[in-house]
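Everything below concerns the one structure shown next.
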Amino acid sequence: MNRISDFRSDTVTRPTEKMRRSMAEAAVGDDVLGDDPTVQVLEAAAAAVMGKEAALYVPSGTMGNSIAVKAWTRELEEVIVEEKSHIYNMESTQMTFISRVTPRPLRSTRGAMDPDDVRRNIRKASVHTPRTSLICLENTHNSWGGAVVPISNIKAIREVAVEHGVKVHIDGARIFNASRASGVPVREYAALADSIQFCLSKGLSAPIGSVLAADRETIGLARRLRKALGGGMRQVGVIAAPGLIALTEMADRLGEDHARAKRLAEAIAGLPGVFLDPATVETNIILIGFDHPRLTVAQFLAELERRGVLALAVFGGIRFVTHKDVDDADVDRGIAAFREILKD
Ligand code: TLP
């Protein structure tokens, strides 16, 4: 089997030819010394797109989130997180490991926490309790199957945060997917947060990198924190150049990924063992509950792989993600594999 249809994540996308050329041709300098022109262009463009004063290029989404948490908190403080969020579950405990703060996970409806619940959980410092200094939101929400958190919910949480002097950080790893699905410009989401992290290396298809955007002073601190975490990079223009293409040229095509995810979801919903409501597929992530009399998740994934289709086992099921490097033929192949394996 030559061609692999890889639905494991939108992180598997390969750089386009134009991105590869941009890498070869990128003007570079030493970014730790502050003179890489390409990363400067990328950071300025990212700040402008997000409507923030400044932005910092970082090697990964995890580092962008880690720096944000460190910038907005001190030891003996607490951070409100959504219980299924990436920042809380999937970043190797960065919050406690790096910032030495306690996460306070709250339930949500598809990633949208109840603003009253958030208000009730904001705590003041006492001899027993930590002060809440930060609320972290995620949009789109990965573990809620790429759900778009409504702007009205983010606004309401922002109001609670302002009322209590608490900062808001958005993990916008896939904020461009949220924007494409909702029609809300990314800068409107960013305006409701003190900082926003977004990934160039997921749906936007750059090989490496994320950006943290915020006010100028916080980005100054973030630059020092990035260095302290080992993320100060030298001739970084070679990776910032494809990042600039990702930022300026790749968001327009995300609708294709969303349409393909929907088509795949509609075709497999209702097959034996598959638990999926296609109406919940809003962007490029499909979370499938799987409970089959004959096959475990691992056996089913192995059967898919035999047919050249890759997906990931996630808690309680299977995840398919559409992206630039899976086309309609890959979706057809995925659907055919599901039907063949699950036929009675
Ligand atoms: N998500 C990855 C895995 O870690 C699960 C994926 O394949 O989806 N925030 C969100 C919402 C993310 O989904 C991810 C990566 C990150 C942050 C971290 O980004 P990286 O991998 O660049 O550190």
(request) For the chain, build the charge dipole from Cβ charges (+1 Lys, Arg; -1 Asp, Glu) around the Cα centre, then report which of PRO207, VAL186, ALA313 sits farthest towards its positive end. (result) ALA313
(request) Determine ³J(HN,Hα), in whole Hz, for all residues of region 168-175 in sequence, where each value follows from phi through the Karplus function 6.51 cos²θ - 1.76 cosθ + 1.60 and θ = phi - 60°; x replaces Gly and Pro. (result) 10, 10, 9, 7, x, 3, 10, 5
(message) Please compute the modelled spin-label separation between ARG306 and ARG339, points set 7 Å along Cα→Cβ, answer in nm with one decimal.
(response) 1.9 nm
(request) Using Cα pairs closer than 8 Å and at least 6 residues apart in sequence, work out the relative contact order for the chain, in percent. (result) 25 percent
(message) Taking the Cα centroid of region 67-133 and of region 186-202, what is the distance between the two, rounded to the nearest whole Å?
(response) 18 Å
(request) Have a look at region 160-231 and give its Rg and Dmax from the Cα atoms, expressed in angstrom. (result) 13.6, 40
(request) Taking the chain as the reference, fit the longest principal axis to its C-alpha atoms, fit the long axis of helix 254-268 to the helix C-alpha atoms, and give the angle between the two in degrees, 0 to 90, nearest 10. (result) 40 degrees
(request) Taking the Cα centre of the chain as origin, work out the dipole magnitude from +1 charges on Lys and Arg Cβ and -1 charges on Asp and Glu Cβ, in debye rounded to 20. (result) 500 debye
(message) Per 0.36 nm of contour for each residue apart, how much would the distance between GLU53 and ALA279 grow if the chain were fully extended, relative to their Cα-Cα spacing?
(response) 77.6 nm
(request) Give the dimensionless ratio obtained when the Cα radius of gyration of region 51-205 is divided by 2.2 N^0.38 Å. (result) 0.96
(request) Note down the nm distance, to one decimal, between modelled labels 7 Å out along Cα→Cβ at ALA45 and at GLU75. (result) 4.2 nm
(message) Could you compute how fast the chain diffuses translationally, taking Rh as the Kirkwood radius over C-alpha pairs and applying Stokes-Einstein at 20 °C with viscosity 1.002 mPa s? Give it in µm² per second.
(response) 103 µm²/s
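Do the sum for the chain: with -39,500 (n - 2.57) for every DSSP H run of n ≥ 4, divided by all residues, what is the mean residue ellipticity at 222 nm, to the nearest 500 deg cm²/dmol?
The helix contribution divided over the chain gives -12500 deg cm²/dmol.
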(request) Please go through the residue pairs LYS84/LYS262; LYS52/LYS262; LYS155/LYS227; LYS70/LYS262; LYS18/LYS202 and name each one whose alpha carbons sit more than 29 Å apart in this structure. (result) LYS52/LYS262; LYS155/LYS227; LYS70/LYS262
(message) 7 Å from Cα along Cα→Cβ at both THR102 and ASN89: what's the point-to-point distance in nm?
(response) 2.2 nm
(message) Test of understanding: what is the full-extension gain from ALA24 to ALA125, defined as 0.36 nm times their sequence separation minus their Cα-Cα distance?
(response) 31.1 nm
(request) Set the Förster radius R0 to 22 Å, insert the Cβ-Cβ distance between GLU249 and ARG3 as r into 1/(1 + (r/R0)^6), and round the FRET efficiency to 0.05. (result) 0.30
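Rule-based calculations on the coordinates, nothing more; no lab input. Keep in mind it's a predicted model, so treat the numbers as computed, not measured. Note that each Cβ is placed from the backbone with ideal geometry, even for glycine, and that neighbours are counted across all protein chains shown.
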